[in-house]
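The values are calculated or read from the model by the stated rules, or taken from the named source; none is laboratory data. Predicted model, so just to flag it, every value in this text is computed and none were measured. Every residue, glycine among them, receives a Cβ derived from its backbone with ideal geometry; neighbour counts consider all protein chains shown.
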Amino acid sequence: MNKSNKYYSPSTTSMFDEAVHGVRQIAVEQTSAEIKARKRPKMVPNPACTIPSDAVSISHKQWEDLLEQLNHHGKVLEPGAKTPRAVDPPKSAEEVVARNRTQRDRLLAASDWTQLADVPIIDASRGQWQVYRQQLRDLDLSDPEWPVAPDDADATA
């Protein structure tokens, strides 16, 4: 297993591996006198490194767990997160509309009784329900502002 340092960049919502993207720092070449004196080499930023400057170090376990989630469970990295987190991908526009259509249809079905002729409901309340039901039918299902159902506590005749 590759034990190079692993990183996560919040600005790119990406993970990086020094073995692939280059080490962040490299040693300046030492003189023979510095080597004999056992001086530590001076470290400078690696111009060939493609790891973003905002990248934070993550553990090998985190790296492996995230790769497992991304590659085998259909997850994506959470956009804008300061630390890496695997989440479900956002729903497509079609999925959002389908989910909202189902919810709208349930609300309409739950209020069908208010429009039956033999239900003892006062006309004013029946009219409020008609307006509510029309608002449900007119919803923009891609980004709905759900109407509030009328209060039918005093609706019966």
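Residues of the range 89-128 being part of a loop (DSSP other than H, G, I, E, B) and either surrounded by 11 or more Cβ atoms within 10 Å (Cβ to Cβ) or of a type in the set (Val, Ile, Thr) (or both), which ones? If the condition is that a residue be part of a loop (DSSP other than H, G, I, E, B) and either surrounded by 11 or more Cβ atoms within 10 Å (Cβ to Cβ) or of a type in the set (Val, Ile, Thr) (or both), then 91, 111, 119, 122 are the ones that fit.
Against the definition (of a type in the set (Gly, Ala, Ser) and within 29 Å of the chain's Cα centre (by Cα)), how does residue 93 come out, yes or no? In short, yes. Evaluate the range 39-59: report whether one residue or more is modelled with pLDDT under 95, exposed (fewer than 13 other Cβ atoms within 10 Å of the Cβ) and in a helix (DSSP H, G or I). No, because not a single residue in the range 39-59 is modelled with pLDDT under 95, exposed (fewer than 13 other Cβ atoms within 10 Å of the Cβ) and in a helix (DSSP H, G or I). If residue 153 satisfies every condition in (1) loosely packed, with under 13 Cβ neighbours inside 10 Å; (2) among the aliphatic types (A, V, I, L, M); (3) over 30 Å from residue 27 (Cβ atoms); (4) modelled with pLDDT of 90 or more but one, which is the exception? Tallying (1) loosely packed, with under 13 Cβ neighbours inside 10 Å; (2) among the aliphatic types (A, V, I, L, M); (3) over 30 Å from residue 27 (Cβ atoms); (4) modelled with pLDDT of 90 or more, residue 153 fails exactly one: (4).
Quick check: is even one residue across the range 4-23 touching a helix residue (DSSP H, G or I) at 6+ places or on another chain (Cβ under 9 Å), among the charged types (D, E, K, R) and modelled with pLDDT of 95 or more? Let's see the steps before the verdict.
So in the range 4-23, the residues touching a helix residue (DSSP H, G or I) at 6+ places or on another chain (Cβ under 9 Å) come out as 4-8, 15, 17.
Add one more test, that the residue is among the charged types (D, E, K, R), and what stays is 6, 17.
Keeping just the survivors that are modelled with pLDDT of 95 or more gives 6, 17.
Yes: one or more hits.
Could we say that residue 136 is surrounded by fewer than 13 Cβ atoms within 10 Å (Cβ to Cβ) and either at positive phi or in the same structural domain as residue 149 (by TED's automatic domain parsing) (or both) here? So residue 136 fails the test. Close Cβ contacts (under 8 Å, 6 or more residues apart or on different chains) running from residues in the range 74-97 that are closer than 19 Å to residue 143 by Cβ to residues that are hydrophobic (A, V, I, L, M, F, W, C) and assigned to a loop (DSSP other than H, G, I, E, B) comprise 96/141; 97/141.
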